[in-house]
Amino acid sequence: MAAKTIDTGVRTGNPTPETACNFQARTLNFRPSMSDKQKPLILTGAKPSGELTLGNYLGAIKNWAVMLDQYECFFPIVDLHAITVRYVPAELRRRTYQCLAQYIACGLDPEKSHIFLQSHVTGHTELSWILSCLTPVGDLHRMTQFKEKAAKPGASVNAGLLFYPVLMAADILLYNADRVPVGEDQKQHLELARNIAQRFNQTYSETFNIPEPFISKAGARVMSLQDPEKKMSKSDENPGEAILLLDSPKEIRKKILSAVTDSGREVRMAEDKPGIGNLLNIFSAVTDRSIEELEKEFAESGYGEFKNALADALIAKLEPFQERYRRLIEDKTYMHRVLKEGTEVAQARACKTLSKVYRKAGFIERLR
Ligand code: AQP
């Protein structure tokens, strides 16, 4: 096979080539602990393309926070993904810090996980290029998120928007993640990442784990408050569509009370009740109570009483989070330390994978 004839033989004892990458790994002297070595690795992140929403929290971050003991956790803030749409540089910087403080305030403990910025680790974009050469453009054109974003009025349909899922595949494969916890909206991208990994393994020989999606049932897809057929997003244009994690109690109540509901007045899950169904899902995910229990409790209430109770639950849930956030966002020194430590571990692992990938793909090792 081609891969065998072009293999440079590093595995048989050749000295490791000097690269910017492995230089850093050596200087930082990273050694994973025994317990970390034995744990499966998860990797997942959010992009600082706007303020984090309740959808990001319930569909993703809340579930990551309970995985800290069971997995070795890599939580990048995927800032390079945030520039596929028009953006303001100063806003990106502000939102990146906000996202970091919100990760920690949501319970992603930096002592038990590796939190870093995608743009701080050499390897994401390099691997993405190699993977893009194995990805049919037709596969990318089929991605729902691309189609939706490209169809928005005034959208700039740049190559980055199309190649976004390849960069996402690189984010995952660079760390050889075993599992990727995401909301349901990212399932298609993850499937593509699996296909790309398989294609690389078949073309060059076994290199990547095939990552498994991990989609929690509760909150898997939080829908827009104004259009329950569409998911809640950071980039929603109408502020009434999404609850932001930093919304004030007044804003939260106003958004919930004006959320679209359906005809009738019964609070129950039904095909013809997508608006109430979405609010019930949110209520259930926020309070960890079952839908049946909530349906029973609000069987005699109208929508108004139900919505007010949901607003109360959300405000109570977000209050301690917001207090932690306010303390963290003021402490840049602490945030920089978290990023530095996370980057060191991530970079060491990324370098290892990248040098293996280059070798397998037939590149000559960089010389010392
Ligand atoms: N509405 C949602 N319901 C459940 N999960 C969601 N996620 C996002 N929206 C929902 C999950 O949040 C994680 C981080 O998402 P991301 O920032 O990487 O990108 P995204 O999915 O594109 O999020 P947004 O909010 O829709 O951003 P924009 O508007 O900028 O595109 C992911 O695990 C995602 O599944």
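Taking the criterion of being surrounded by fewer than 16 Cβ atoms within 10 Å (Cβ to Cβ) and more than 13 Å from the ligand (Cβ to nearest atom), the residues of the range 200-230 that qualify are 202, 203, 205, 206, 210, 212. Taking the range 253-368 as the region of interest, the helices (runs of 4 or more DSSP H) fully inside it that hold 2 or more residues being of a type outside the set (A, V, I, L, M, F, W, C) and more than 28 Å from the chain's Cα centre (by Cα) are 291-297, 303-329, 332-360. Just one of (1) surrounded by fewer than 20 Cβ atoms within 10 Å (Cβ to Cβ); (2) aliphatic (A, V, I, L, M); (3) without any contact (Cβ under 8 Å) to a residue 60 or more places away in the chain fails for residue 315. It is (3). In the range 50-64, the residues that are under 13 Å from residue 77 (Cβ atoms) reach residues that are more than 8 Å from the ligand (Cβ to nearest atom) and in a helix (DSSP H, G or I) with C-beta atoms within less than 6 angstrom, at least six apart or across chains, in these pairs: 52/102. Candidates in the range 231-265 are the residues that are over 21 Å from residue 319 (Cβ atoms) and out of contact with any helix residue (DSSP H, G or I) (no Cβ under 8 Å at 6 or more places or on another chain); of these, the one that is nearest to the ligand (Cβ to nearest atom) is 235.
If I filter the range 320-330 for residues that are modelled with pLDDT of 95 or more and under 30 Å from residue 268 (Cα atoms), do I get at least one hit? Break it down stepwise before answering.
Just the residues of the range 320-330 that are modelled with pLDDT of 95 or more, to begin with: 320-330.
Restricting the remaining residues to those that are under 30 Å from residue 268 (Cα atoms) gives 320-321.
Yes, because at least one residue in the range 320-330 is modelled with pLDDT of 95 or more and under 30 Å from residue 268 (Cα atoms).
Based on this model, can you work out whether residue 145 counts as within 12 Å of the ligand (Cβ to nearest atom), among the polar types (S, T, N, Q) and either modelled with pLDDT of 95 or more or not in a loop (DSSP other than H, G, I, E, B) (or both)? It is true that residue 145 is within 12 Å of the ligand (Cβ to nearest atom), among the polar types (S, T, N, Q) and either modelled with pLDDT of 95 or more or not in a loop (DSSP other than H, G, I, E, B) (or both). Annotation: of all residues in the range 60-112 being of a type in the set (D, E, K, R) and more than 14 Å from the ligand (Cβ to nearest atom), the one that is surrounded by the most Cβ atoms within 10 Å (Cβ to Cβ) is 72. Checked against the criterion of being of a type in the set (Lys, Arg), at pLDDT below 95, within 12 Å of the ligand (Cβ to nearest atom) and within 30 Å of residue 285 (Cβ to Cβ), the range 44-54 contains not a single residue that satisfies it.
The values are calculated or read from the model by the stated rules, or taken from the named source; none is laboratory data. All of these numbers come straight from a predicted model, not from anything done at the bench. Note that we place each Cβ from the backbone using ideal geometry, even for glycine, and neighbour counts take in every protein chain shown.
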